[in-house]
Every structure is written in C-alpha cells, then in structure tokens.
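Participant: Got a structure for you, questions after.
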Amino acid sequence: MCGIAGIIHRDGSSDVGTEMTRMLQSMKHRGPDSAGYALFGEPSDLVVIRFKLADANDPRDFDFKERLERHRQEVESRLHKIGASVDRVERETEYAYRATVRYDGDMKALADYLEDVPSCEVLSLGHSLEIVKDLGDAQEVSDLYRLGGFSGTHAIGHVRMATESDVDISGAHPYWAYPFTDVAVVHNGQLTNYFQWKRRLEFSGHRFQSECDSEIIAVYLAEKMADGDSLEDAMHKSLDELDGVFTYMAVTQDALGVAKDEMAAKPLVLYESDGMVAMASEEIAIRAVLGREIDTYDPYERQVLVWTR
C-alpha cells in the first residue's frame, strides 16, 4: 500500500502545505500510520534545519520535558561551537524543532555534530527544503505543525502503512539525502538490492538514519548529482542499478522528478498544465487540489520524467 504525491508550480508560489495535505488526506486509506511532507519554500541564504529530540510514541517519564530542554540547549550550543550564527530555534511540537542559521561550513560536519546529541535526529537540512513527518494522518500532521499556508513552489508527500518496520517517525517518509542539502525522496515499493547498496554507500562514507530502502534512493541520487549528473541523469542510472518493484519521486531545490521500474507495477497518475504538474498514486489526490474532473496519464515502464522551475 502506501501513497505518494507530488506537485510543482512552474510559474510562482502557492500554498503547497494545504495542497499537499489535501492530496495526502484523500489517500488516507492507503496508509493511516504516518504522514510526511517535503516542502520547498523560496530559497534563502539561511540554512533551515528540521530536527526532533524524541519520537511521538516515546514514554513520557518524570523528567521527559527537562531532558528535552537540556538536549535542545545542547543543540543550540553546538550550533554556535561549529560556527553557525543562530537566527532562531523554534519548538514545533513537544519533541520537534525548526532552526534557521547562517552557516557556510561543511553540512555533513554540522549534521553529524548535532546528531551526537542524545536522541537528536536531523530530518532535513537545506536552503529551501523542510521535511515534516509524524504519526497520524495528513490532516493531523498538518494541524500539529501548522502547515496550512506554507507558501512554496513544490512538494512531495507520503502516507504510510507500516508493513516492515515500527510505527515511528524514523520510519516515516520523506527521506532527506543525508548530508546533501535540498534533496528528498518518497517511494512506493521495495528495493531487492537494498543491503548491497547500503554497504556500498556506507563504504563511501555515508551514514543512514533508518532501515528504510527509500533512504538509499535519496542518497544514491544525491551522490550522483554531487559527481556532476543532473537529476534526470541520476534517475535514469537508478533504473539500471536499483533492483525491485518501485515508483519514486525525487525533489531538489528547483526540480521534481518521478521514475518507474521496468515492471511499472506501482500505480501513479499525472496531470500537467502550463503552470503546474501534479501526480499521485490515485487520481482522487489530484482532484482534491483542482476540484474538478481532469484528464490524467500513466507513466510507462522505465520512464523518468523531470520538471524544473
């Protein structure tokens, strides 16, 4: 099961927070366990860091709040120590935070340093990307994080049915391509050579935050792009090197792409107009944004499609 959705506005910004919530909520039946968003606002010279210091289902023992506050202070202290000029650190929920900083150093060093704080997990890092994910359906997550009114240019999202891992935030999509900025992926399907690629990427110096195969796709694409490939080229290569049955969407600061494996068994429908492209596992998600009957088409097997702003 699970459901994925994506939208890109090629001629301006829109309320992508509300649009993605409508798309994901219409597919609640495909995955009620968690919902996640990768939202792209207008690029900024600030670095946006989304991180959490606990999971939604962690037990609330007697010193839970005091422990979170100590860890939050340690995160802020480390930001200063590594040379980041802290603009703001905001608590989004009891355990999730959003920080904006000025930082010109190595992003991997920054992410690794923060994740050495007990229980800290960096969910995303970039100049326009913000990943928000939590337990519950899309409307619940949107309300919790106040995503209605989030102005941006493009977004992807995911509703999850936990079939192979725990129901927790770490197992929820989207996945950021740690430690590359502004790259994220949502995925419906399975990679059969997951462990092979995880070992290869770990030998190259990458670390992973989860046991989910979708995270492999994100880091794979980002590494290819770091070596000079375009997003489209990297996605074409993935069809030769990643085995399995899958449909995935990938986003960068200025692009949204989708790829299907050679069997094209995982569903996806597309709608395209002059100023907007929307796609989802079911047509109902696109109609939830447009509010009318539409003509859609299905990508065929081994097809890669990329739209840029």
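Participant: If Gly12 passes every condition in (1) under 17 Å from the mean Cα position of the chain (by Cα); (2) open to solvent by less than 50 Å² (accessible area, probe 1.4 Å); (3) modelled with pLDDT under 95; (4) not aromatic (Phe, Trp, Tyr) but one, which one does it miss?
Facilitator: The single condition Gly12 does not satisfy is (1).
Participant: Taking the condition of being buried (at least 24 other Cβ atoms within 10 Å of the Cβ) and in a loop (DSSP other than H, G, I, E, B), how many residues in the stretch 27-44 meet it? Please lay out each step first, then the result.
Facilitator: Initial filter on the stretch 27-44 (buried (at least 24 other Cβ atoms within 10 Å of the Cβ)): 27, 31, 34-40.
Retained after the next criterion (residues that are in a loop (DSSP other than H, G, I, E, B)): 27, 31.
So the count comes out to 2.
Participant: Determine whether Arg309 is open to solvent by 50 Å² or more (accessible area, probe 1.4 Å), more than 20 Å from the chain's Cα centre (by Cα), basic (Lys, Arg) and under 27 Å from Gln25 (Cβ atoms).
Facilitator: Values: open to solvent by 50 Å² or more (accessible area, probe 1.4 Å): yes; more than 20 Å from the chain's Cα centre (by Cα): no; basic (Lys, Arg): yes; under 27 Å from Gln25 (Cβ atoms): yes.
Answer is no for this residue.
Participant: Would you point out the residue of the stretch 121-136, among those that are modelled with pLDDT of 95 or more and not in a strand (DSSP E or B), that is farthest from Asp15 (Cα to Cα)?
Facilitator: So, considering only residues that are modelled with pLDDT of 95 or more and not in a strand (DSSP E or B), the one farthest from Asp15 (Cα to Cα) is His127.
Participant: Ok, one more. Against the condition out of contact with any helix residue (DSSP H, G or I) (no Cβ under 8 Å at 6 or more places or on another chain) and under 13 Å from Asp137 (Cβ atoms), how does Asp11 come out, does it pass?
Facilitator: Values: out of contact with any helix residue (DSSP H, G or I) (no Cβ under 8 Å at 6 or more places or on another chain): yes; under 13 Å from Asp137 (Cβ atoms): no.
Against the criterion (out of contact with any helix residue (DSSP H, G or I) (no Cβ under 8 Å at 6 or more places or on another chain) and under 13 Å from Asp137 (Cβ atoms)), Asp11 does not qualify.
Participant: Take the stretch 263-292 and flag every residue that is touching a helix residue (DSSP H, G or I) at 6+ places or on another chain (Cβ under 7 Å) and in a loop (DSSP other than H, G, I, E, B).
Facilitator: Scanning the stretch 263-292 gives a single hit, Ser281.
Participant: Does Asp143 qualify as being without any contact (Cβ under 8 Å) to a residue 40 or more places away in the chain, open to solvent by 50 Å² or more (accessible area, probe 1.4 Å) and closer than 17 Å to Glu19 by Cβ? First the steps, then the outcome.
Facilitator: Working: without any contact (Cβ under 8 Å) to a residue 40 or more places away in the chain: yes; open to solvent by 50 Å² or more (accessible area, probe 1.4 Å): yes; closer than 17 Å to Glu19 by Cβ: yes.
Against the criterion (without any contact (Cβ under 8 Å) to a residue 40 or more places away in the chain, open to solvent by 50 Å² or more (accessible area, probe 1.4 Å) and closer than 17 Å to Glu19 by Cβ), Asp143 qualifies.
Participant: Give the residues of the stretch 79-94 that are open to solvent by less than 60 Å² (accessible area, probe 1.4 Å), in contact (Cβ under 8 Å) with a residue 24 or more places away in the chain and over 17 Å from Ser124 (Cα atoms), sorted by residue number.
Facilitator: Ile82
Participant: If a residue counts only when it is out of contact with any strand residue (DSSP E or B) (no Cβ under 6 Å at 6 or more places or on another chain), within 21 Å of Asp112 (Cβ to Cβ) and of a type outside the set (A, V, I, L, M, F, W, C), which helices (runs of 4 or more DSSP H) contained entirely in the stretch 184-248 have at least 1 such residues? Let's see the steps before the verdict.
Facilitator: Numbers: elements: 194-203, 213-226, 231-241.
Filter on the stretch 184-248 gives 194-203, 213-226.
Participant: Could you tell me whether Ala265 is at negative phi, of a type in the set (Gly, Ala, Ser) and modelled with pLDDT of 95 or more? Walk me through it before giving the result.
Facilitator: On the way: at negative phi: yes; of a type in the set (Gly, Ala, Ser): yes; modelled with pLDDT of 95 or more: no.
No; evaluated as a whole, the condition is false for this residue.
Participant: Sticking with this structure for a sec: Are there any pairs with C-beta distances below 6 angstrom linking a residue in the stretch 201-228 that is buried (at least 18 other Cβ atoms within 10 Å of the Cβ) to a residue that is assigned to a loop (DSSP other than H, G, I, E, B), with the two at least 6 apart or on different chains, and if so which?
Facilitator: As it stands, the answer is Ser214/His173; Glu215/Phe208; Ala218/Ala177; Val219/Ala177; Val219/His206; Ala222/Ala177; Ala222/Phe180; Ala222/Val183, since those pairs meet every condition given.
Participant: When you go through Pro118, Pro174, Pro179 one by one, which is the residue that is under 9 Å from the mean Cα position of the chain (by Cα) and either open to solvent by 10 Å² or more (accessible area, probe 1.4 Å) or closer than 25 Å to Gly205 by Cβ (or both)? Don't jump to the end; show me each part of the working.
Facilitator: Values: Pro118 fails: under 9 Å from the mean Cα position of the chain (by Cα); Pro179 fails: under 9 Å from the mean Cα position of the chain (by Cα).
Of the residues listed, the single one that is under 9 Å from the mean Cα position of the chain (by Cα) and either open to solvent by 10 Å² or more (accessible area, probe 1.4 Å) or closer than 25 Å to Gly205 by Cβ (or both) is Pro174.
The values are calculated or read from the model by the stated rules, or taken from the named source; none is laboratory data. Not measured: the values here are computed from a predicted model. Using ideal geometry, Cβ is built from the backbone for each residue, glycine included, and neighbour counts are taken over all protein chains shown. The area values use the complete protein model at the heavy-atom level, side chains included, leaving out ligands, DNA and RNA. Shrake-Rupley method; radii C 1.70, N 1.55, O 1.52, S 1.80 Å.
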